[in-house]
1. Only one residue in GLN110, GLN97 is at pLDDT 95 or above, surrounded by fewer than 21 Cβ atoms within 10 Å (Cβ to Cβ), of a type in the set (S, T, N, Q) and part of a loop (DSSP other than H, G, I, E, B). Which one?
2. From the list LEU140, LEU164, which one is at pLDDT 95 or above, touching a Gly at 6+ places or on another chain (Cβ under 8 Å) and of a type in the set (A, V, I, L, M, F, W, C)?
3. Give me the pairs: first residue in segment 106-128 and within 17 Å of ARG180 (Cα to Cα), second residue part of a strand (DSSP E or B) and aromatic (Phe, Trp, Tyr), beta-carbon distance under 7 Å, and six or more apart or on different chains, which are they?
4. Which of the residues that make up segment 70-100 are β-branched (Val, Ile, Thr) and within 12 Å of the chain's Cα centre (by Cα)?
5. Name every residue in segment 102-148 that is touching a Ser or Thr at 6+ places or on another chain (Cβ under 6 Å), over 26 Å from LEU186 (Cα atoms) and of a type in the set (Phe, Trp, Tyr), in order of residue number.
6. When segment 52-72 is examined, which residues are found to be out of contact with any Phe, Trp or Tyr (no Cβ under 8 Å at 6 or more places or on another chain) and modelled with pLDDT of 75 or more?
7. Here's a check for you: in segment 124-150, which residue that is in a loop (DSSP other than H, G, I, E, B) and of a type in the set (Asp, Glu) is surrounded by the most Cβ atoms within 10 Å (Cβ to Cβ)?
8. Which of the residues belonging to segment 171-197 are outside any loop (DSSP other than H, G, I, E, B) and of a type in the set (Phe, Trp, Tyr)?
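The values are calculated or read from the model by the stated rules, or taken from the named source; none is laboratory data. All values derive from a computational prediction rather than experimental measurement. Every residue, glycine among them, receives a Cβ derived from its backbone with ideal geometry; neighbour counts consider all protein chains shown.
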Amino acid sequence: MPRLSSRICSLSCWLGALALLPALGCAPPTVQMGQGPREYVATDYESVLRRWTRTEDMISMSALDNFLTATATYESWDFRWAYAVRYAEDYRLTVDQTHALLQSSLAETQKYHQFYVALYAQRRPWSDLTAENPAWIVRLIDDQGNETAPTEIKRIVSPTAIELTYFPYTTPWRAVHQIRFPIITLDGRPTVSAHAHWLGLRFAGAQGHQQLLWQIEG
């Protein structure tokens with residue numbers, strides 16, 4: 001029975017993640033890293049969320065185990081703009097409140113790269129990146145050879161209505177994290193090169209490794 005139950009949980013997690021993927025057979029959309037004003041309305045949020053969200057599975061075919069399912073949303077300038085517009089609509093913020101929220105959120109993109117990450121593992125402790133001896137380490141990478149460790153990994157133990165609504169792949173079977181990486185290294189180099197064709201998250205451990213990639217347009 002425990003094995004059957006874990007299979008059901010695994011299936012639920014996969015279905016939740018698949019709901020955010022493009023149509024079968026289509027490559028993930030490219031993303032634009034440029035800043036500047038956007039003209040989003042609240043109903044645009046779901047499509048923007050899909051654009052900035054990636055999911056990958058690490059599966060052992062011999063043992064039929066799903067070692068890790070990782071889903072992550074890169075909270076970029078573009079994503080934050082759409083998020084703020086949706087939030088302002090939902091909570092009926094005033095124009096001044098919306099402007100303050102937007103400016104505060106966008107300012108964070110000048111300090112760090114932030115990701116909302118939900119992990120499912122066949123063995124629940126493996127999905128906790130804040131464990132004393134985590135099963136996985138995570139790095140920010142790009143195609144120019146840059147690899148950066150996070151400055152902060154925060155476990156969101158009890159997701160609120162906001163996380164459950166705005167990041168619908170959040171489920172009781174997933175460990176949810178907020179992960180931040182620096183924009184600039186200690187020696188003054190950008191952690192994601194201006195010449196990068198893609199950036200990504202790499203999860204690596206004794207069971208293997210997987211990468212979530214965002215192809216950069218242009």
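1. On the way: GLN97 fails: part of a loop (DSSP other than H, G, I, E, B).
None of the others qualify; the one that does is GLN110.
2. Numbers: LEU164 fails: touching a Gly at 6+ places or on another chain (Cβ under 8 Å).
None of the other options fit; the residue is LEU140.
3. Here the result reads TYR112/PHE181; HIS113/PHE181; PHE115/TYR74, each pair linking segment 106-128 to a residue that is part of a strand (DSSP E or B) and aromatic (Phe, Trp, Tyr).
4. Just the residues of segment 70-100 that are β-branched (Val, Ile, Thr), to begin with: 71, 73, 85, 94-95, 98.
Within segment 70-100, THR71, THR73 qualify.
5. Residue satisfying the conditions is TYR120 alone.
6. Filtering segment 52-72 down to residues out of contact with any Phe, Trp or Tyr (no Cβ under 8 Å at 6 or more places or on another chain) leaves 56, 61-65.
Hit for segment 52-72 is GLU56, nothing else.
7. Step one: filter segment 124-150 for residues in a loop (DSSP other than H, G, I, E, B), giving 128-136, 143-146, 149-150.
Within this subset, residues satisfying the condition of being of a type in the set (Asp, Glu) are 128, 132, 143.
Working: ASP128: 18, GLU132: 5, ASP143: 16.
If we take residues in segment 124-150 being in a loop (DSSP other than H, G, I, E, B) and of a type in the set (Asp, Glu), then ASP128 is surrounded by the most Cβ atoms within 10 Å (Cβ to Cβ).
8. Within segment 171-197, PHE181 is the sole residue that qualifies.
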